[in-house]
Amino acid sequence: MMASLASVGCGDGEAPPESGDAVFADVTSESGIDFEHEAGARGGYWLPEGIGSGGAFLDHDGDGDPDLFLVQGGFPEVPNDDWRCRLYRNEGSGHFTDVSEAAGADMPGYGLGAAAADFDADGDVDLYVTRLGPNVLLRNDSGRFADVTRATGVGDPGFGTSAAFLDYDGDGQLDLFVVNYVDWSPEREGACFDPTGIRDYCSPMTYEAPTTDKLYRGRGDGTFEDVTEAAGIAGAAGNGLGVVVTDFDGDGRIDVYVANDQTPAFLWMNRGDGTFVEDATFRGCAFSADGMAIAGMGVVAEDLDDDGDPDLVVTNIRNQAHLGLRNDDGFFEDMSHAWGLADWSFPFTGFGIALFDQDHDGSLDGLIVNGAVNRWTEPYARDNPFAEPNHFLRRDRTGGFFEVSPPPAVVSIPEMSRGLLTADVDADGDLDVVVTNNRGPARMWRNDNGSGFAWSILELGELNARATFHAAERTWTRELRPHAGYLGTSEPIVHAGLGAATRIDSVVVAWPGGKEETWRDLPVNTRLRLEAGTAPRSIGEGN
């Protein structure tokens with residue numbers, strides 16, 4: 001067992017229960033996941049080759065188990081009918097069957113990311129797939145997908161990366177925010193070289209082609225209206241890669257943070273009248289503390305200091321530290337050094353990121369997956385000049401992140417990793433992970449947490465619903481925010497480790513729009529469905 005850690009936010013300075021070992025098992029082969037990503041990298045060193053890909057956990061067939069959708073690439077310069085996305089159905093306890101063709105999910109095209117949500121409110125989870133233009137919306141009808149892009153009006157032809165569903169105008173209909181990377185075409189490509197004179201990928205700044213993101217408003221009839229101009233989103237251009245949506249300033253309205261690659265980050269603050277103002281510089285999150293527009297890639301928002309508002313961690317390129325931003329009522333302070341992010345992240349390029357309680361001790365842990373965008377020399381160049389090991393992190397008494405030693409297996413395989421998705425795939429109460437790799441296999445890692453600590457999983461049904469747990473004289477705040485990290489969607493649940501708690505005194509859910517509801521005296525180690533105005537419904541206990 002590891003040494004005892006104190007969690008930020010523990011009352012009266014007491015330490016939480018002792019943390020468990022960070023044990024992950026590579027169960028890719030036995031799970032039935034046999035996906036291999038194709039980037040089309042054949043010596044041309046074109047920009048799109050290094051970006052993808054991601055995926056999504058979703059319950060596509062409504063049986064209660066998280067299924068897995070993985071986005072395929074192909075070749076940027078040719079038709080891609082031979083390279084198709086894959087959908088794997090969870091048969092229970094974490095074994096998957098490829099149902100891509102039968103479900104109509106085997107979409108071709110040079111895909112990059114995926115966002116999953118029930119956009120038409122018919123009870124089935126749908127899929128939006130970003131591509132090297134045009135993007136595709138797949139509507140789910142009882143487990144069978146159909147391309148409704150043209151009919152719904154969301155086929156943005158740009159260089160789509162991350163996307164997020166949200167209800168920005170509070171009308172109860174899901175809207176869609178789409179991040180674009182570069183205004184790219186093959187004609188823009190040129191030759192770039194590493195310091196030794198070997199051909200390498202160009203920086204996105206070489207193309208001098210930042211572009212605008214897209215905002216689509218859900219009309220409520222299954223179609224969308226492009227409100228990019230009307231909402232003010234067209235007023236700023238960047239090299240967008242990651243996105244997270246939440247209420248940053250506590251005014252009850254959903255805001256949008258976009259991680260841009262070497263251009264200033266965007267913080268779109270929701271004015272409440274259907275428009276946004278880009279306010280990142282004023283609010284302290286456009287740059288790092290030294291005035292640098294970082295190479296922002298993946299991004300997560302979690303309450304890291306237990307003050308009730310979501311803070312930010314943004315992954316970054318090697319030779320720059322990952323960016324940690326503490327949120328204080330919608331204004332941000334760079335905590336990268338104070339949180340220890342600079343101590344271990346400097347030599348690596350981070351993409352996918354997840355903050356979750358791996359061992360259920362009540363403190364958020366971190367997993368960041370890495371993969372270079374420019375060639376490495378030694379020590380990683382022998383098999384793959386872009387491969388890097390990953391990072392698994394705990395937090396110390398000050399809230400700082402530090403690497404676990406010895407490192408768990410999930411970080412030990414150097415690959416060109418990109419996406420990171422979390423879900424309880426085997427219904428045992430802890431979060432397992434899938435890592436997607438550029439020009440490599442997707443890997444499923446089972447979380448073999450043996451701490452014995454308590455946990456809770458909530459199905460809340462409304463994106464950005466925020467749950468505050470009170471148990472064992474401690475408090476945890478978690479939010480239903482599945483669209484985060486990099487190019488993907490995690491299982492849409494609220495998961496909380498509860499340490500030594502034997503009951504949950506109360507859960508207070510703040511619904512989008514400002515209404516709150518409280519449920520009292522709830523069991524631990526149980527998956528519960530909480531819906532406004534109803535009694536809690538048990539979905540099942542962990543193994």
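Could you check, for region 211-229, whether at least one of its residues is at pLDDT 95 or above, more than 22 Å from the chain's Cα centre (by Cα), among the aliphatic types (A, V, I, L, M) and open to solvent by 40 Å² or more (accessible area, probe 1.4 Å)? The answer is no; no qualifying residue exists.
Within region 479-492, can you find the residues that are out of contact with any His (no Cβ under 7 Å at 6 or more places or on another chain) and not acidic (Asp, Glu)? Matches in region 479-492: 480, 481, 482, 483, 484, 485, 486, 487, 488, 490, 492.
Within region 308-324, residues that are free of Cβ contacts under 8 Å to residues at least 12 places away in the same chain have Cβ atoms under 9 Å from residues that are of a type in the set (Gly, Ala, Ser) and surrounded by fewer than 24 Cβ atoms within 10 Å (Cβ to Cβ) in no pair, counting only partners at least 6 apart in sequence or on another chain. Of all residues in region 512-543, those being farther than 22 Å from residue 430 by Cα, surrounded by 17 or more Cβ atoms within 10 Å (Cβ to Cβ) and in contact with a strand residue (DSSP E or B) (Cβ under 6 Å, 6 or more places away or on another chain) number 1.
Scanning region 151-194 for residues that are assigned to a strand (DSSP E or B), open to solvent by 20 Å² or more (accessible area, probe 1.4 Å) and closer than 20 Å to residue 227 by Cα yields a total of 0. Residue 341 meets all of the listed conditions (1) under 21 Å from residue 405 (Cα atoms); (2) open to solvent by 10 Å² or more (accessible area, probe 1.4 Å); (3) among the aliphatic types (A, V, I, L, M) but one, namely (2). When residue 539 is tested against (1) outside any strand (DSSP E or B); (2) under 25 Å from residue 119 (Cα atoms), just one condition goes unmet, and that condition is (1). Among the residues of region 119-138, those identified as without any contact (Cβ under 8 Å) to a residue 60 or more places away in the chain and either part of a strand (DSSP E or B) or open to solvent by less than 30 Å² (accessible area, probe 1.4 Å) (or both) are 126, 128, 129, 131, 133, 135, 136, 137, 138.
Let's see how each residue does on (1) more than 28 Å from residue 216 (Cβ to Cβ); (2) open to solvent by 20 Å² or more (accessible area, probe 1.4 Å); (3) at pLDDT below 95:
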| site | (1), (2), (3) |
| --- | --- |
| 23 | yes, yes, yes |
| 59 | no, yes, no |
| 81 | no, yes, yes |
| 85 | no, no, no |
| 98 | yes, yes, no |
| 101 | yes, yes, no |
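For region 444-478, the set of residues classified as open to solvent by 10 Å² or more (accessible area, probe 1.4 Å), within 14 Å of residue 361 (Cβ to Cβ) and assigned to a strand (DSSP E or B) consists of 455, 474, listed by residue number. Applying the set (1) over 17 Å from residue 145 (Cα atoms); (2) at pLDDT below 95; (3) open to solvent by less than 20 Å² (accessible area, probe 1.4 Å) to residue 93 leaves exactly one unmet item: (3). Looking at region 272-287, is at least one residue of a type outside the set (A, V, I, L, M, F, W, C) and modelled with pLDDT under 95? No, because not a single residue in region 272-287 is of a type outside the set (A, V, I, L, M, F, W, C) and modelled with pLDDT under 95.
Set side by side, the residues 441, 492 differ, and just one is open to solvent by 30 Å² or more (accessible area, probe 1.4 Å), under 30 Å from residue 261 (Cα atoms) and out of contact with any Pro (no Cβ under 9 Å at 6 or more places or on another chain), which is 441.
The values are calculated or read from the model by the stated rules, or taken from the named source; none is laboratory data. Bear in mind that the values here come from a model prediction, so they are computed numbers and not experimental data. Virtual Cβ from ideal backbone geometry, glycine too; neighbours counted across all protein chains shown. Protein only, heavy atoms only, side chains kept; ligands, DNA and RNA dropped before computing areas. Shrake-Rupley method; radii C 1.70, N 1.55, O 1.52, S 1.80 Å.
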